[in-house]
Amino acid sequence: MNDDAIIQCIRQNQYHPAMKKLYAYFPVIRKFIVKNHGTRQEAEDIFQEGLIIFCRKALSEDFVLSSRIDTYLYGVCRYLWLDELKKKNKMPLQETNTGHIASETPEYEADVHEDQHVKTAQQAVARLGEKCRALLELFYFKKRSLKEIAQELGFSSEKTAKNQKYRCIEKARGYYHELTH
């Protein structure tokens, strides 16, 4: 299965054949992480996070793979591990002889940061009350009108739903700010 076929499988929600191929790349990443002060468990965690980032990117319509998938995954996982080592104040990386280009690539960094922002936003929204989460989900994901939301959630008017939506967004922003600082 080539790289285009893997991306097509992911986009068609056929994860099993794609994951089977993607997991073949794990030994190289495990070797790299273990060689650089990591454990097998840390390698598995980093690889899983790298797979999540790759799959999210592959699902994006505007995603264009500028390298082979194994190189992309290696770069993302390498960046994630570098970040982890910085947090632990560990020694610099030792490269494995895998043929992968291990340069600091803004593409990997941007993808990892985007994923971190999504996770932080999810954590912020999770802190909201149930009614706030329901309101935001109805408005942003289910594309319901404020009038429909007011009726469904028992607000007295469309204006009340609008004000509550604003408060929920501000509360989520506050939580997001707390989590990032």
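We did not get these values from a lab; they are worked out from the coordinates using the rules stated. This one's a predicted model, so the numbers in the text were calculated from it and none came from an experiment. Virtual Cβ from ideal backbone geometry, glycine too; neighbours counted across all protein chains shown.
Structure notes:
- 10 Å-binned pair-distance histogram of the chain (Cα, whole percent): 9, 29, 26, 21, 12, 4, 0
- Between residue 13 and residue 56, the modelled labels are 2.1 nm apart [label points 7 Å from Cα along Cα→Cβ].
- Extension gain, residue 143 to residue 44, is 31.9 nm, computed as 0.36 nm per intervening residue step minus the present C-alpha separation.
- For the residue pairs 57/171; 20/119; 31/87; 57/87; 20/165, the C-alpha atoms sit more than 32 angstrom apart in 20/165.
- Considering only 51, 128, 153, the Gaussian network model of the chain with Cα springs below 10 Å gives its largest mean-square fluctuation to 153.
- For the chain, the relative contact order works out to 17 percent when only alpha carbon pairs closer than 8 Å and six or more residues apart are counted.
- Linear extension gain, residue 167 paired with residue 23, 0.36 nm per residue minus alpha-carbon span: 47.5 nm
- Only one residue of 118, 89, 8 has its Cα farthest out toward the positive end of the dipole of the chain, where Lys and Arg carry +1 and Asp and Glu -1 on Cβ, and that residue is 118.
- Estimated FRET transfer efficiency (residue 133, residue 5; beta-carbon r; R0 35 Å; 0.05): 0.40
- GluC sites (Glu not before Pro), loop per DSSP, at most 15 other Cβ atoms within 10 Å - longest free stretch of the chain: 105-181
- Total formal charge among the other residues, if their Cβ is under 11 angstrom from that of residue 150, Lys/Arg +1 and Asp/Glu -1: +2
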